[in-house]
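Shown next, in structure tokens, is the structure this report addresses.
The values are calculated or read from the model by the stated rules, or taken from the named source; none is laboratory data. As the structure is a prediction and not an experimental result, all values here were calculated from the model. Cβ placement follows ideal geometry from the backbone for every residue including glycine, while neighbour counts extend to all protein chains displayed.
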Amino acid sequence: MRTGLLGRKLAHSLSPLIHGYLAPYRYELFEREEAELPAFFADESIRAFNVTIPYKVHAFHACDELSDTAKAIGSVNTVVRRADGTLFGDNTDAFGFSYMAKQAGAEFKNKKVLILGSGGASRTVQVVTKAAGACEVIVVSRSGNVNYNNVFDHADAQILVNTTPVGMYPKCGVSPLDLTPFRSLECVLDLIYNPLKTALLLQAEALGIPYANGLSMLAAQALRSAERFLDTIIDETKIGEIERAVTMGRRNIVLIGMPGCGKSTVAAALAKRLDRPAVDTDVLVEATDGRSIPAIFAEDGEAAFRNKETAAARQLGAELGQVIATGGGCMMRAENRDALRQNGFVVWLRRPLEQLARNGRPLSVDAAALKAMYSQRKGVYEAASDVIVDVDDSIETTVERVISCVC
């Protein structure tokens, strides 16, 4: 059975991976220009397919019959070719978003919902939230009645949903708005899933607001699409399994800790065990600058080095599937913490001070200064980390401890 995804630019799509967990059918990426769509829709060798931007409305008009959900939303993301050659269109994004919201604990009934964006994804969210009984649904757009200049008039919103691409890879680290004035928020939902935590979600986390990214929506809509393709029912527990598998395979493992605690050595061994690339913020700084870190400190000063370190953290933190070793002071800057946590599971490698390697480390030469540095950094390491792993045995033992925490 030939299936796949129709779109214009699909190089970074996760759909083949996700559908591979769901069924053994052949799932392809169909990159097409608009002029090629009539021939594509007429190709009877393709028995079923998903549709992504910018062709969901094109698919809506190409279908011979539509589900009630597709009619309500005005677009189609799932198409099945029937035995007589006619096309049936559905929109499984609605189910996907409903699942995402449920998993995040978002209850729409009698709630005020603020939706950022007015495109096709926004329309899906509007239909779902209204059907679920939201008492007020406010759509925010750049030039609409409610826009980013007056959006804070709705600071009493209880649920916020981002349907815009703001903060999506490769333009990570930016947010569509500041959450601080929204003191009634019960949940923040961001349909973006790359990075795993956008700047918006990182702020929600910092404020203690429950949140979710769009990966569960992607997995859920894929499951419902597969059900349409095969005309069967698939256990919904597969959604959580897929989400966990994709997250574990893609998120970075970020090693933090004092200079000389063994981050680079552990990163290399861990990367080999997990068949991932090992990268290092200090190594990237040296490769980019052309000088050693002691030379940068001596010639330009610590502040210049820290700026180079921040650039390295942003570059490495935006990518996926790596083991990242950081410099000892890297996490002291909030922007570095956010850059590395957006796609990372952070492990603090904690080692007794007397066991730290100190040669060639500009800030670790003096024992008293090293102790003072640890006192200053300890709280930051603890707050930034997802787990603490003590380094007091062999490298192999440390690697096993990390793997047991992150896998």
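Take residues that are of a type outside the set (Gly, Ala, Ser) and in contact with a Phe, Trp or Tyr (Cβ under 9 Å, 6 or more places away or on another chain) and tell me which of the helices (runs of 4 or more DSSP H) falling wholly in the stretch 209-305 contain 3 or more.
215-230, 237-250, 293-300
Ala83 is checked against (1) outside the structural domain of Ser175 (by TED's automatic domain parsing); (2) under 25 Å from the mean Cα position of the chain (by Cα) and fails just one. What number does that condition carry?
Result: Ala83 fails condition (2) only.
All but one of (1) modelled with pLDDT of 95 or more; (2) surrounded by fewer than 21 Cβ atoms within 10 Å (Cβ to Cβ); (3) among the basic types (Lys, Arg) hold for Arg250, so report the exception by its number.
(1)
Name the residues in the stretch 6-50 that are among the hydrophobic types (A, V, I, L, M, F, W, C) and either over 14 Å from Val79 (Cα atoms) or not assigned by TED's automatic domain parsing to the domain that holds Glu236 (or both), would you?
Leu10, Ala11, Leu14, Leu17, Ile18, Leu22, Ala23, Leu29, Ala35, Ala39
With the condition kept exactly as written, say whether any residue in the stretch 51-59 is more than 29 Å from the chain's Cα centre (by Cα) and over 17 Å from Ala222 (Cβ atoms). Don't jump to the end; show me each part of the working.
First pass over the stretch 51-59, keeping only residues more than 29 Å from the chain's Cα centre (by Cα): none.
No, the stretch 51-59 contains no residue that is more than 29 Å from the chain's Cα centre (by Cα) and over 17 Å from Ala222 (Cβ atoms).
Considering the stretch 195-208 alone, what residues qualify as being crowded, with 20+ Cβ neighbours inside 10 Å and not in a helix (DSSP H, G or I)?
Pro195, Leu196, Lys197, Thr198
Any residue in the stretch 330-352 that's closer than 17 Å to Glu205 by Cα: show its pairings with residues that are small (Gly, Ala, Ser) and surrounded by 24 or more Cβ atoms within 10 Å (Cβ to Cβ) at Cβ separation under 6 Å, as long as the two are six or more apart or on different chains.
Qualifying pairs under 6 Å: Asn336/Ala313; Ala339/Ala313; Ala339/Gly317; Leu340/Ala313; Leu340/Gly317; Gln342/Gly317.
Which residue out of Arg123, Arg142 is surrounded by 14 or more Cβ atoms within 10 Å (Cβ to Cβ) and not hydroxyl-bearing (Ser, Thr, Tyr)?
The unique qualifying residue is Arg123.
Can you tell me which residue in the stretch 43-57 is nearest to Arg8 (Cα to Cα), limited to those that are surrounded by fewer than 16 Cβ atoms within 10 Å (Cβ to Cβ) and without any contact (Cβ under 8 Å) to a residue 60 or more places away in the chain?
The qualifying residue nearest to Arg8 (Cα to Cα) is Pro54.
Can you tell me which residue in the stretch 156-176 is farthest from the chain's Cα centre (by Cα), limited to those that are closer than 14 Å to Val188 by Cβ and not polar (S, T, N, Q)?
The residue in question is Ala157.
Looking at (1) over 25 Å from Glu319 (Cβ atoms); (2) modelled with pLDDT of 95 or more, which is the only condition Val188 fails?
(1)
Being surrounded by fewer than 18 Cβ atoms within 10 Å (Cβ to Cβ) and of a type in the set (Phe, Trp, Tyr) narrows it down to one residue among Phe60, Phe40, Phe95; which is it?
Exactly one of Phe60, Phe40, Phe95 is surrounded by fewer than 18 Cβ atoms within 10 Å (Cβ to Cβ) and of a type in the set (Phe, Trp, Tyr), namely Phe40.
Here are some residues: Gly379, Gly328. Which one is surrounded by 19 or more Cβ atoms within 10 Å (Cβ to Cβ) and either of a type in the set (Gly, Ala, Ser) or more than 30 Å from Gly167 (Cα to Cα) (or both)?
Gly328
List pairs: first residue in the stretch 137-156 and without any contact (Cβ under 8 Å) to a residue 40 or more places away in the chain and in a loop (DSSP other than H, G, I, E, B), second residue among the acidic types (Asp, Glu) and loosely packed, with under 14 Cβ neighbours inside 10 Å anywhere in the structure, Cβ distance under 9 angstrom, at least six positions apart or on different chains.
Every condition considered, the pairs that remain are Val146/Asp153.
Which residue pairs have Cβ atoms closer than 7 Å, lie 6 or more positions apart in sequence or on different chains, and pair a first residue in the stretch 188-203 that is among the aromatic types (Phe, Trp, Tyr) with a second residue that is at pLDDT 95 or above and assigned to a loop (DSSP other than H, G, I, E, B)?
Tyr193/Asn213; Tyr193/Gly214
Are any of the residues in the stretch 106-113 under 23 Å from the mean Cα position of the chain (by Cα), in a loop (DSSP other than H, G, I, E, B), among the aliphatic types (A, V, I, L, M) and buried (at least 20 other Cβ atoms within 10 Å of the Cβ)? Write out each step before concluding.
Looking only at the stretch 106-113, we keep the residues that are under 23 Å from the mean Cα position of the chain (by Cα), and these are 106-107, 113.
If we keep only those that are in a loop (DSSP other than H, G, I, E, B) as well, we get 106-107.
Right, trim to among the aliphatic types (A, V, I, L, M) and you get 106.
Filter once more, keeping what is buried (at least 20 other Cβ atoms within 10 Å of the Cβ): 106.
The answer is yes, given that some residue of the stretch 106-113 is under 23 Å from the mean Cα position of the chain (by Cα), in a loop (DSSP other than H, G, I, E, B), among the aliphatic types (A, V, I, L, M) and buried (at least 20 other Cβ atoms within 10 Å of the Cβ).
Is there a residue being at pLDDT below 95 and either out of contact with any strand residue (DSSP E or B) (no Cβ under 9 Å at 6 or more places or on another chain) or farther than 25 Å from Lys238 by Cα (or both) anywhere in the stretch 64-78?
Applying the first criterion (at pLDDT below 95) to the stretch 64-78 yields none.
Within the stretch 64-78 (the criterion being at pLDDT below 95 and either out of contact with any strand residue (DSSP E or B) (no Cβ under 9 Å at 6 or more places or on another chain) or farther than 25 Å from Lys238 by Cα (or both)), the answer is no, since none of the residues qualifies.
Identify, by number, the condition in (1) out of contact with any Pro (no Cβ under 6 Å at 6 or more places or on another chain); (2) over 16 Å from Val399 (Cβ atoms); (3) in contact (Cβ under 8 Å) with a residue 24 or more places away in the chain that Pro294 doesn't meet.
The failed condition is (1).
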